[in-house]
Amino acid sequence: MSFKFTEENINKINEITTHYPDKQPAVMAALYIGQEQNGWVSYEVMEEVASVLEMKPEDVLGITTFYTMYHQKPAGKYHLQVCTNVSCMLRGGYKIYEHVKDKLGIDNGQVTDDKMFSLEEVECMGSCGTAPMIAVNEDYYENLDIQQIDQILESLKNK
Amino acid sequence: MMEKIVLPEIKDLHLIDVYIQNNGYTAVKKAYSQTPDDLIDQVKKSGLRGRGGAAFSAGLKWSFMPKTTNKKKYLCINGDESEPGSFKDRQIFEFNPHQLIEGILITAYAIQVDAAYVYIRGEYHKWIKLFEKALADAYTYGFVGDKMKEKLGGNYSVNIYVHKGAGAYICGEESALMNSLEGKRGYPRVKPPFPAQNGLWGCPTTINNVETITNVPAIINKGWEWFSKIGEPKHPGTILYGLSGHVNKPGVYELPSGTLLTDLIYNYGGGVPGNKKILCVIPGGSSMPPLRGDQLEGVKMDAESLKAVGTSIGTGGIIVMDEDTDLVKVLARIAKFYYHESCGQCTPCREGTGWLLKLLNRISRGEGSTHDLDLLISVASNIEGNTICALGEAAAWPVRYMVTRFRDYFEKRVSREVTIPVANKVHSMRGTAIPLAPIKD
Ligand SMILES: Cc1cc2nc3c(=O)[nH]c(=O)nc-3n(C[C@H](O)[C@H](O)[C@H](O)COP(=O)(O)O)c2cc1C
Ligand code: SF4
Ligand code: FES
């Protein structure tokens, strides 16, 4: 299946290239835009990014694999990121993580059968002062306890 | 109460009109009527030191930028903020973005750059949006970009761009940040050459932390002398201390440098939940050497005072652990982080971080021996100083210092029996015995 950026997205990427002396620096933004349009960063997305930015596809692959925020397989509708790094750990981060795993019946990196949720154990998200935390797609939920996690999951299911 | 410089308690300060009502964008006007060299000199004399981890003199760093060059020049603002225990720069993006923008404008002029980039970690989606909104307003008002000359007087204009990261702690390291900005894998570069000679796209570049630059407008407006008298003379100004872990009131506290660590924990942070004793404190983000609970009395939070007690100010992120904390698990978690974030270019870091993690996991499972403790120190020492970037030290320090400073604690968690069969020892080419027992995760 081939992938093409929408015209709107092509324009966005072209605008971003004007921030830099050449096109390549826009690759990180272009991958985000591709991820948004396609749901995840497939090889086809990488090829399209490469052709738009006049890069080698293997270089785009190298960038995609270096950064953790590009999904190289489809994620759930709600991608749950639970921080278990020190400050969160000290305030129950692992309890939250285990609870989410149990509740959804999936492990790190997996997606629920209904494709609603995917789970990722993540490193410090910069919420140490409001720990523990989870991020759902791009939104942070902080100062959590198990009860609140249940509420969040419920409300996402019913959205 | 102490005046706040970076995060003043003014309602809605993030709005451009409120910022302007509170003297906003007056420092940049003042700065643009002076020469770049004058500004560098003032910042040098103010004593402002970097808030990104290394506490290097900001003015001195700026003075390394070549005055005459036929290349372009660049400024990068480091908002990668990924060191565990650090969550201060996001407060600036949220509550005082215009002071950061004003600081960038002054710095950009002082070192005469052609463009400025603000690199923000990708996870900070919300804060990127907040900062971009503030930046768009600053453009509309003419403080940034083409309309600057008209608005601010003088002959200088500059564009500020936001570059969004995508999940890689290493991109906070300045040379990795530049590679990432160039659209490459975030591999740190070998230094020298230093960024001021050979930075972004091979051009002279200065990299400063978000908090560092947010101090600049105040220094220009109120004078370097005023700034140099706040807090500890050798590391003046306020610091955004981040309190996390086992404290009643975690959060970011802006206080003069040199504030007592115990003051921060007990007065500002409201003490430890359940009035428990403190076992361990990491004073500056997870890579800094930890202190024992009985080492905290009289410790001041600034670069020099912390150096004197064998640790470092780092990002000012203080992680407090009470007496019931499982230090082995904590250290294993820290090791896991650095193992995950190592970019893999240097063998000591790539392999060493994995060994540290495996050993700590083994001890954590109750299968470790005293020999493993020595091995941990040995692996850590072999990383330190042998790598391209300081992530090597960041991974080695917590292990080396925690195991040394809490030796009694760790000894209780291991057995005296050496569990590695002799048959599993092999001799490396240098003739040292290296245990190659199957160390499972
Ligand atoms: C592994 C590693 C990660 C770093 N992460 C950050 C970071 O997230 N933010 C930051 O400002 N500095 C970070 N630094 C320090 C930068 O390399 C650089 O020293 C700093 O941005 C300079 O700014 P300053 O002089 O204003 O502190 C990191 C350093 C290392 C070795
Ligand atoms: S020390 Fe580690 S993170 Fe730094 S360049 Fe070497 S391998 Fe990469
Ligand atoms: S440790 Fe979880 S957000 Fe920092």
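The values are calculated or read from the model by the stated rules, or taken from the named source; none is laboratory data. This is a predicted model, so every value here is computed, not measured. Neighbour counts are summed over all protein chains in view; Cβ atoms, including those assigned to glycine, are modelled from backbone coordinates with ideal geometry. SASA here: full protein model, heavy atoms, side chains in, ligands and nucleic acids out. Shrake-Rupley method; radii C 1.70, N 1.55, O 1.52, S 1.80 Å.
Can you confirm whether the range B:149-172 contains a residue that is within 12 Å of ligand 1 (Cβ to nearest atom), hydroxyl-bearing (Ser, Thr, Tyr), assigned by TED's automatic domain parsing to the domain that holds B:Trp62 and open to solvent by less than 10 Å² (accessible area, probe 1.4 Å)? The answer is no; no qualifying residue exists. Just one residue in the set B:Ile213, B:Ile207 is part of a strand (DSSP E or B), more than 16 Å from ligand 3 (Cβ to nearest atom) and assigned by TED's automatic domain parsing to the domain that holds B:Ala166; that residue is B:Ile207. When B:Phe194 is tested against the conditions (1) among the hydrophobic types (A, V, I, L, M, F, W, C); (2) more than 14 Å from chain A (Cβ to nearest Cβ); (3) surrounded by 17 or more Cβ atoms within 10 Å (Cβ to Cβ); (4) not in a helix (DSSP H, G or I), the lone failure is (3).
Taking each residue of the range A:124-138 that is in contact (Cβ under 8 Å) with a residue 40 or more places away in the chain and assigned to a loop (DSSP other than H, G, I, E, B) and looking for partners that are within 16 Å of ligand 2 (Cβ to nearest atom) and not aromatic (Phe, Trp, Tyr) with beta-carbon atoms closer than 6 Å, six or more apart or interchain, yields A:Cys124/B:Pro84. Does B:Gly344 fit the bill of being within 14 Å of another protein chain (Cβ to nearest Cβ), without any contact (Cβ under 8 Å) to a residue 12 or more places away in the chain, within 16 Å of ligand 1 (Cβ to nearest atom) and open to solvent by 10 Å² or more (accessible area, probe 1.4 Å)? Yes; evaluated as a whole, the condition is true for this residue. If you go through the range B:261-275 and pick out every residue that is loosely packed, with under 15 Cβ neighbours inside 10 Å and within 12 Å of chain A (Cβ to nearest Cβ), you end up with 1.
Tell me, yes or no, whether the range B:198-205 has at least one residue that is away from chain A (no Cβ under 12 Å), within 15 Å of ligand 1 (Cβ to nearest atom) and either buried (at least 24 other Cβ atoms within 10 Å of the Cβ) or of a type in the set (Ser, Thr, Tyr) (or both). Yes, the range B:198-205 contains a residue that is away from chain A (no Cβ under 12 Å), within 15 Å of ligand 1 (Cβ to nearest atom) and either buried (at least 24 other Cβ atoms within 10 Å of the Cβ) or of a type in the set (Ser, Thr, Tyr) (or both).
So which of B:Leu306, B:Leu373, B:Leu331, B:Leu360 ends up being touching a strand residue (DSSP E or B) at 6+ places or on another chain (Cβ under 9 Å) and assigned to a helix (DSSP H, G or I)?
B:Leu306
Of the helices (runs of 4 or more DSSP H) lying entirely inside the range B:26-115, the ones with 1 or more residues being within 16 Å of ligand 1 (Cβ to nearest atom) are found at B:36-46, B:58-63, B:89-95, B:97-110. The single condition among (1) touching a helix residue (DSSP H, G or I) at 6+ places or on another chain (Cβ under 7 Å); (2) closer than 30 Å to A:Ile134 by Cα; (3) open to solvent by 60 Å² or more (accessible area, probe 1.4 Å); (4) within 11 Å of chain B (Cβ to nearest Cβ) that A:Gln37 does not meet is (4). Restricting attention to the range B:350-372, report how many residues are within 16 Å of ligand 1 (Cβ to nearest atom) and open to solvent by less than 10 Å² (accessible area, probe 1.4 Å). Count: 3. Considering (1) more than 9 Å from chain A (Cβ to nearest Cβ); (2) under 27 Å from B:Lys71 (Cβ atoms), the lone condition that B:Gly165 does not fulfil carries the number (1).
Here the range A:100-135 is the region considered, the condition is being open to solvent by less than 10 Å² (accessible area, probe 1.4 Å) and within 14 Å of the chain's Cα centre (by Cα), and the residue that is nearest to the other protein chains (Cβ to nearest Cβ) is A:Met125.
Okay, residues lined up against (1) surrounded by fewer than 17 Cβ atoms within 10 Å (Cβ to Cβ); (2) in contact (Cβ under 8 Å) with a residue 24 or more places away in the chain; (3) in the same structural domain as B:Phe337 (by TED's automatic domain parsing):
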position	(1), (2), (3)
B:Leu7	no, yes, no
B:Val28	no, yes, no
B:Gly59	no, no, no
B:Lys72	yes, yes, no
B:Asn78	no, yes, no
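Among A:Val52, A:Val27, which is the only one that is modelled with pLDDT of 95 or more and more than 9 Å from chain B (Cβ to nearest Cβ)?
Unique residue meeting the criteria: A:Val52.
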